[in-house]
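Written below as structure tokens is the structure these notes are about.
The values are calculated or read from the model by the stated rules, or taken from the named source; none is laboratory data. This one's a predicted model, so the numbers in the text were calculated from it and none came from an experiment. So basically every Cβ, Gly included, is an ideal-geometry build from the backbone, and we count neighbours across all protein chains shown. These area figures cover heavy atoms from the full protein model, side chains too; ligands, DNA and RNA do not enter into them. Shrake-Rupley method; radii C 1.70, N 1.55, O 1.52, S 1.80 Å.
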Amino acid sequence: MTLNYRKHYTKFRKAFAMTAAALALITVIGCHKKSSGIDPNSLGPTNASEPVAASPSASITADPLAIDLGQSVVLNWRTQNATVVTIDGIGQVNVNGTQTVSPSNSTNFHLTAKGDGGTIEANVRVTVRVPVAPTVPPPTGNLPGDMGSEAEFHKNVQDAFFDYDSADLRPDAQAATAQAASYLAAHPGIKVVIGGYADERGSAEYNLALGETRANAARTALTAAGVAPGRLRVISYGKEKQFCTEENETCWQENRRAQFSLDR
Amino acid sequence: MVRTPRISNRPILQSFLTLAAVCVIGLATTPSRAQDSIFTGTNTGAANIRIAVADFKAGSSDAQTAPFKRTFDVTLYADLASAGIFDIVSKSLAPQASPGAPNEINLSQWSAEPASAAMVAFGSLAVQSGRLVTNGFLFDAKNSQYPQVLAKQYNEEPSEDSARQIAHRFADEIIFRLGGGVPGIAETKIYYVKIGGGNKEIWQMDYDGANQHAITHLGTVSLSPRVSPDNSRLAFSSLGRDGFQIHMYSLLLGRMVNFPTNGGASFSPAWAPGGKDVAYSSTRSGSPSLWISDSSGNLARRVTSFKGGDVSPTYNPKTGAQIAWISGRTGLPQLYVMDSDGSGIMRITDTGYASSPSWSPNGQFIAFAWNRKYGPGAPGGQDIYVMEVAPGKDGAHRWIQLTHDGGRCDFPSWSPDGRHITYANTADGRPDHMKIWTMLSDGTQKRALTGTGGDMPNWSWK
């Protein structure tokens with residue numbers, strides 16, 4: 001599910017570079033199809049007196065790995081020692097994060113993490129089962145029933161995060177829901193699933209209630225801003241679908257949220 | 001609201017006896033139900049009976065006899081050793097003899113030091129004519145004239161499982177006879193959540209951890225298994241397209257049966273002791289509240305109505321007239337008790353983070369998980385506690401802590417004899433490292449029943 005081959009490749013390339021930088025350049029261009037730029041460290045002999053920056057590491061996972069067309073997948077990526085992280089088709093993203101995507105065909109999600117210590121890649125392949133029956137071409141334009149693009153949805157409708165053991169919308173969550181509401185008002189064809197999530201601490205059963213209450217708080221904010229209740233569906237996952245499984249506040253904060261997804 | 005003075009854990013026998021006295025006085029506010037003798041496990045105040053278990057005699061030379069006899073001997077010894085009412089004679093102190101019948105036992109050999117047994121269980125086991133035939137005896141070692149307390153014969157299909165089940169049945173006969181008439185639990189089952197492959201399925205095992213096997217194969221996350229009092233159905237909640245919903249599985253039919261929950265999410269079911277009603281948490285009207293329906297999911301009525309989540313109900317199995325549950329109405333989740341019509345709400349805990357209550361079979365105690373120093377950065381641990389339902393004379397509910405410093409504990413569930421509690425524990429805090437454990441209800445004799453990946457145990461009612 002996670003591929004980490006770049007490290008070995010970089011090492012190999014460094015050895016090459018020491019003998020012939022030009023050859024290295026060819027190697028880079030020839031084998032490395034999507035890297036945006038050449039790591040300067042690889043082009044000359046390493047200066048031993050300089051502190052060597054830690055090389056980055058990256059992993060990306062998808063849950064589930066296989067979907068039917070129209071369903072969505074949660075991508076979850078973690079990197080270390082990286083400053084710029086990009087995912088093909090999504091663009092530049094946070095160094096650690098999650099995103100719900102709904103690819104229309106089987107896709108190799110290719111993550112590139114660049115740091116002072118080099119560049120590393122990680123991949124995960126999501127298989128999309130496309131029905132073989134012929135389908136009517138979807139209507140174009142902003143018609144009722146038009147869900148808009150997945151990327152545009154996630155740019156405008158972002159997760160609302162919560163404090164510990166709380167289902168109150170913080171100012172940042174209010175801003176997120178306000179922006180979401182205006183996007184939904186402009187795209188009346190979109191229906192939304194609001195997923196309620198809790199961090200791993202506390203009881204499984206109580207966290208189902210807490211997730212429900214969080215998702216309901218986000219739902220209430222959207223309906224108060226004029227979104228028709230019939231367009232919104234609430235599902236509490238409690239602490240059963242953790243995106244981040246480390247025991248620290250950063251991770252817990254990522255898990256304490258109401259997440260918006262297209263309800264197809 | 002209520003203070004919770006800590007009962008010192010060691011002189012637990014005396015504590016509970018004192019508790020009994022305090023309850024009787026303190027019960028003025030509740031309808032005076034007669035106090036039963038207090039069985040919360042080994043806390044009867046009576047000294048444990050010293051019992052020896054002889055290895056059974058192989059009654060035939062059939063090749064199957066030896067392995068089945070070994071299973072039987074190990075199971076019977078373990079059942080009696082873990083019953084909580086015996087002081088069992090270690091095999092190393094017991095005579096080497098394997099008396100197979102009453103005329104083969106030399107009682108003085110067993111009553112003398114170092115065995116010093118008051119009771120001896122012995123007998124024979126044989127595979128003969130395609131049947132597993134077992135003769136079991138219980139003799140009073142100090143009564144040379146009329147020593148026989150019990151004689152049982154079992155005739156079953158020969159199998160490893162038969163040998164184990166016969167040992168359980170014989171153990172339960174002995175425990176029933178010597179344990180004050182309370183039926184033993186060696187034939188009971190534990191239902192639990194098995195974590196694996198990103199899913200959680202419902203599994204079943206014998207009370208001693210043997211015979212672990214899957215009940216559901218749903219390929220999703222299923223939680224909170226609760227078996228009906230007559231062992232016929234299993235209620236649990238399962239994640240589907242519309243979130244968590246309560247499902248009902250017939251253990252008799254071996255398939256799911258209908259349980260409509262009419263919108264919203266529903267989870268954390270609990271059976272009323274008669275098996276007629278099921279209480280659960282539902283969000284059909286918004287905030288997660290407690291509802292009660294009949295066991296087919298019909299006639300649902302709402303019993304709590306308050307902002308903040310109401311989850312994890314458990315009936316008083318003695319009366320069926322009260323429900324304990326967890327509510328977040330005042331902030332962090334706390335333990336509450338009410339009458340099952342929703343009246344007479346009483347808050348039991350006033351601090352920390354309480355979860356997963358289980359009401360003791362005699363109605364007097366609630367076991368639950370409690371993190372008394374819960375909060376961001378707080379060093380508290382989540383442990384299993386037993387709280388007295390009736391407040392003491394000073395209005396405080398007395399409690400004891402049963403687990404200490406062993407990692408996060410959750411989901412206590414009482415055995416039907418009230419002498420044991422099963423629970424889940426993760427030593428390093430990782431959710432997928434949960435194991436199911438059992439202990440006596442005074443916190444002693446802890447042992448693991450499963451490997452990692454076992455969670456949310458529920459002990460059958462019989």
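Miscellaneous remarks
- With respect to the conditions (1) touching a residue at least 24 places away in the same chain (Cβ under 8 Å); (2) in contact with a Gly (Cβ under 9 Å, 6 or more places away or on another chain); (3) outside the structural domain of B:PRO361 (by TED's automatic domain parsing), B:GLN153 falls short on a single one, namely (1).
- Applying the set (1) within 14 Å of chain B (Cβ to nearest Cβ); (2) open to solvent by less than 50 Å² (accessible area, probe 1.4 Å); (3) in contact (Cβ under 8 Å) with a residue 40 or more places away in the chain; (4) assigned to a loop (DSSP other than H, G, I, E, B) to A:THR213 leaves exactly one unmet item: (4).
- The numbered conditions (1) at the interface with chain B (Cβ under 10 Å from one of its Cβ atoms); (2) among the basic types (Lys, Arg); (3) over 24 Å from B:PHE306 (Cβ atoms) are all true for A:LYS239 except (3).
- Only strands (runs of 3 or more DSSP E) whose full extent lies in region B:344-458 are considered here, and the ones with at least 1 residues that are closer than 29 Å to B:ARG233 by Cα and among the β-branched types (Val, Ile, Thr) are B:365-371, B:382-388, B:420-426, B:435-440.
- Candidates B:SER237, B:SER282 - the one that is touching an Asp or Glu at 6+ places or on another chain (Cβ under 9 Å), open to solvent by less than 10 Å² (accessible area, probe 1.4 Å), under 24 Å from A:TYR237 (Cβ atoms) and at pLDDT 95 or above: B:SER237
- Residue within region A:64-83 that is out of contact with any strand residue (DSSP E or B) (no Cβ under 8 Å at 6 or more places or on another chain), outside any loop (DSSP other than H, G, I, E, B) and more than 21 Å from A:PHE161 (Cα to Cα) present: no
- For region B:219-234, the set of residues classified as under 19 Å from A:SER236 (Cα atoms) and surrounded by fewer than 16 Cβ atoms within 10 Å (Cβ to Cβ) consists of B:GLY219, B:THR220, listed by residue number.
- Region B:147-158, residues that are more than 17 Å from B:PRO99 (Cα to Cα) and either open to solvent by 100 Å² or more (accessible area, probe 1.4 Å) or among the aromatic types (Phe, Trp, Tyr) (or both): B:TYR154, B:GLU157
- Condition met for B:SER460 (at pLDDT below 95, open to solvent by less than 10 Å² (accessible area, probe 1.4 Å), more than 14 Å from every other protein chain (Cβ to nearest Cβ) and closer than 19 Å to B:ILE366 by Cα): no
- Subset of region B:320-334 that is among the aliphatic types (A, V, I, L, M) and open to solvent by 10 Å² or more (accessible area, probe 1.4 Å) - its residue that is farthest from the other protein chains (Cβ to nearest Cβ): B:ALA321
- Taken over region B:202-215, the residue count meeting the criterion of being buried (at least 21 other Cβ atoms within 10 Å of the Cβ) and in contact with an Asp or Glu (Cβ under 6 Å, 6 or more places away or on another chain) is 0.
- Flag if B:SER296 is without any contact (Cβ under 8 Å) to a residue 24 or more places away in the chain and assigned to a loop (DSSP other than H, G, I, E, B): no
- Answer residue from region B:249-279, given it is assigned to a strand (DSSP E or B) and more than 14 Å from every other protein chain (Cβ to nearest Cβ) and is surrounded by the fewest Cβ atoms within 10 Å (Cβ to Cβ) among those: B:ARG255
- Restricting B:ALA354, B:ALA396 to those that are surrounded by 19 or more Cβ atoms within 10 Å (Cβ to Cβ) and of a type outside the set (Phe, Trp, Tyr) reduces the list to B:ALA354.
Here is a yes/no grid of residues against (1) open to solvent by 10 Å² or more (accessible area, probe 1.4 Å); (2) assigned to a loop (DSSP other than H, G, I, E, B); (3) outside the structural domain of A:GLN158 (by TED's automatic domain parsing):
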site: A:ARG201; (1), (2), (3): yes, yes, no
site: A:ALA209; (1), (2), (3): no, no, no
site: A:ALA218; (1), (2), (3): no, no, no
site: A:VAL227; (1), (2), (3): no, yes, no
site: A:GLY230; (1), (2), (3): yes, no, no
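- Every residue from region B:395-423 that is closer than 25 Å to B:ILE185 by Cα and within 14 Å of another protein chain (Cβ to nearest Cβ): B:CYS409, B:ASP410, B:PHE411, B:PRO412, B:SER413, B:TYR423
- Within region B:285-307, being buried (at least 19 other Cβ atoms within 10 Å of the Cβ) and at positive phi holds for one residue alone: B:GLY297.
- From the list A:ASN216, A:ASN248, the lone residue that is of a type in the set (S, T, N, Q), out of contact with any Phe, Trp or Tyr (no Cβ under 9 Å at 6 or more places or on another chain) and over 20 Å from B:ALA265 (Cα atoms) is A:ASN248.
- Those residues of region B:307-319 which are within 13 Å of another protein chain (Cβ to nearest Cβ) and either in a loop (DSSP other than H, G, I, E, B) or not β-branched (Val, Ile, Thr) (or both), in sequence order: B:LYS307, B:GLY308, B:GLY309, B:ASP310, B:SER312, B:PRO313
- Pairs linking a residue in region B:230-250 that is closer than 13 Å to B:GLN204 by Cα to a residue that is in a strand (DSSP E or B) and of a type in the set (Phe, Trp, Tyr), with Cβ atoms under 6 Å and 6 or more positions apart or on different chains, are B:LEU234/B:TYR249.
- Filter result for B:ARG419 (open to solvent by 30 Å² or more (accessible area, probe 1.4 Å) and of a type in the set (Lys, Arg)): no
- Selection from region B:192-239 of residues that are away from chain A (no Cβ under 12 Å), assigned to a strand (DSSP E or B) and among the aromatic types (Phe, Trp, Tyr): B:TYR192, B:TRP203
- Leading residue by the ranking (nearest to the other protein chains (Cβ to nearest Cβ)) among those in region B:172-191 that are within 12 Å of the chain's Cα centre (by Cα) and open to solvent by less than 40 Å² (accessible area, probe 1.4 Å): B:TYR191
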